[in-house]
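Worksheet: the structure to be examined is printed underneath.
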Amino acid sequence: MTEFSDRILDWYACHGRELPWRGHPNPYAVWVSEIMLQQTRVEAVIPYFERWMDSFPSVQHLAVASEQEVLSLWEGLGYYSRARNLFKAARIVVDKYGGELPRDLTALRKLPGVGRYTVGAIASMAFGLDVATLDGNLRRVFARVFDVAELADAPTGEEILWALAERHLPKGRAGDYNQALMDLGASLCLPRNPACLLCPLSELCKARALGLQEQRPVLKPKADVPHYTVTAAVLQRDGKILLAKRPSKGLLGGMWEFPGGKVEKGETLEACLAREIREELGAEIHVGEAFGIYRHAYTHFRITLHAFLCELTDGEPKPVEAAGLAWVVPAELSLYPMGKVDRQIAGRLQ
């Protein structure tokens with residue numbers, strides 16, 4: 001134990017958050033929570049975690065589910081590759097490990113969606129192993145307390161931070177130590193305006209002593225976020241609406257959408273939509289009245305989507321580029337997992 005770990009553990013004993021996956025007897029619950037918490041705030045995760053555990057209380061229940069059931073339950077949480085990887089990994093755990101999440105670090109690391117951070121979190125919290133971890137909150141705490149001036153999101157800086165996490169790891173208390181640092185980063189050692197006066201590490205914090213806490217961690221400059229204009233067809237026939245299923249890999253993989261695509265330079269919205277339907281579905285349409293404008297920001301780009309009511313004029317739609325098609329009555333749209341923008345369109349149709 002070091003003074004650093006002593007202080008953080010004492011603070012955690014009084015101020016640690018009560019969360020539904022903490023103290024859970026099932027390592028599967030810790031695993032699910034850690035996948036959900038990747039790039040997502042605790043407050044958003046809690047209701048999803050509780051619904052997930054109600055529907056899939058064990059890895060065996062998850063392994064026999066359908067991808068559509070999994071994506072429907074995940075809808076709204078974003079970063080859907082996490083759900084697909086969790087689903088794939090559950091089947092591996094059942095088939096290869098008899099339904100028991102492996103304690104071996106190498107075996108854990110080989111599961112889809114499980115990286116170095118998640119291995120450390122599961123190993124320490126679910127199995128009590130003496131393994132450090134490093135998420136965004138921990139990275140910020142270590143960079144400030146030890147005034148790490150190297151880029152925290154570059155290999156050299158990351159290895160310095162991992163080494164600090166391991167150096168101060170208290171044997172036999174790794175789970176509490178990792179969770180304490182997560183809680184500290186989420187509640188006091190905030191990215192902006194950290195609550196240094198309340199922090200149990202304030203007397204040890206080198207960045208605070210130098211007045212540099214707002215400049216730590218040092219991160220690479222963010223690239224400009226591109227913006228795209230896209231179109232979508234609300235294609236109607238006999239009281240039903242056409243949905244296309246996205247390929248299983250890539251952005252929103254396996255989710256359903258209103259077909260369309262990106263506007264090319266010099267192209268009108270209507271011309272874009274007609275071309276996209278021709279290329280994606282092998283059909284011709286009449287683009288009718290506008291059905292709404294929707295905006296959304298993804299991790300690496302932003303979109304403005306223009307939806308139009310459309311009718312088929314020639315050809316029967318085929319899944320040329322999509323993974324599948326479905327004609328759906330409006331009342332059943334809620335049964336098909338969708339991204340945020342498509343769900344907004346579906347909500348208006350309903």
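The values are calculated or read from the model by the stated rules, or taken from the named source; none is laboratory data. Computed from a prediction, not measured in an experiment: that's the story for all the values here. Neighbour counts run over all protein chains shown; Cβ positions are idealised from the backbone, glycine included.
Give me the residue from the stretch 55-78 that is among the β-branched types (Val, Ile, Thr) and part of a helix (DSSP H, G or I) and, out of that set, farthest from the chain's Cα centre (by Cα). Reasoning before the result, please.
Here is the first cut: in the stretch 55-78, the ones among the β-branched types (Val, Ile, Thr) are 59, 64, 70.
Next, only the ones that are part of a helix (DSSP H, G or I) stay: 59, 70.
On the way: 59: 20, 70: 14 Å.
Filtering the stretch 55-78 for residues that are among the β-branched types (Val, Ile, Thr) and part of a helix (DSSP H, G or I), the one farthest from the chain's Cα centre (by Cα) comes out as 59.
Within the stretch 106-118, not a single residue is touching a Gly at 6+ places or on another chain (Cβ under 8 Å), more than 30 Å from residue 205 (Cα to Cα), outside any loop (DSSP other than H, G, I, E, B) and among the polar types (S, T, N, Q). Summed over the stretch 205-222, residues that are in contact (Cβ under 8 Å) with a residue 12 or more places away in the chain and assigned to a loop (DSSP other than H, G, I, E, B) total 7.
Does any residue of the stretch 229-248 turn out to be at negative phi and of a type in the set (Asp, Glu)?
Within the stretch 229-248, the first condition is being at negative phi, and the residues that meet it are 229-237, 240-248.
Applying the additional criterion that residues be of a type in the set (Asp, Glu) yields none.
The answer is no; no qualifying residue exists.
Conditions (1) closer than 23 Å to residue 170 by Cβ; (2) touching a helix residue (DSSP H, G or I) at 6+ places or on another chain (Cβ under 9 Å); (3) outside the structural domain of residue 108 (by TED's automatic domain parsing); (4) surrounded by fewer than 18 Cβ atoms within 10 Å (Cβ to Cβ), marked per residue:
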{"residue": "13", "(1), (2), (3), (4)": "yes, yes, no, yes"}
{"residue": "16", "(1), (2), (3), (4)": "yes, yes, no, yes"}
{"residue": "21", "(1), (2), (3), (4)": "yes, yes, no, no"}
{"residue": "29", "(1), (2), (3), (4)": "no, yes, no, no"}
{"residue": "32", "(1), (2), (3), (4)": "no, yes, no, no"}
{"residue": "37", "(1), (2), (3), (4)": "yes, yes, no, no"}
{"residue": "41", "(1), (2), (3), (4)": "no, yes, no, yes"}
{"residue": "51", "(1), (2), (3), (4)": "no, yes, no, yes"}
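Looking across the stretch 293-350, the residues that are over 21 Å from residue 247 (Cα atoms) and acidic (Asp, Glu) come down to 311, 314, 332. The number of residues in the stretch 126-168 that are under 20 Å from residue 215 (Cβ atoms), part of a helix (DSSP H, G or I) and of a type outside the set (A, V, I, L, M) comes to 9. Per the listing 269, 309, 273, the residue uniquely in the same structural domain as residue 235 (by TED's automatic domain parsing), of a type outside the set (Phe, Trp, Tyr), touching a His at 6+ places or on another chain (Cβ under 6 Å) and surrounded by 14 or more Cβ atoms within 10 Å (Cβ to Cβ) is 269.
Looking for something touching a residue at least 40 places away in the same chain (Cβ under 8 Å) and more than 14 Å from residue 11 (Cβ to Cβ) - is there at least one such residue anywhere in the stretch 194-202? Yes, some residue in the stretch 194-202 is touching a residue at least 40 places away in the same chain (Cβ under 8 Å) and more than 14 Å from residue 11 (Cβ to Cβ). Being without any contact (Cβ under 8 Å) to a residue 12 or more places away in the chain and either out of contact with any Gly (no Cβ under 8 Å at 6 or more places or on another chain) or of a type in the set (Ser, Thr, Tyr) (or both) holds for only one residue in 23, 78, and it is 23. Counting the residues of the stretch 300-350 that are acidic (Asp, Glu) and part of a loop (DSSP other than H, G, I, E, B) gives 2.
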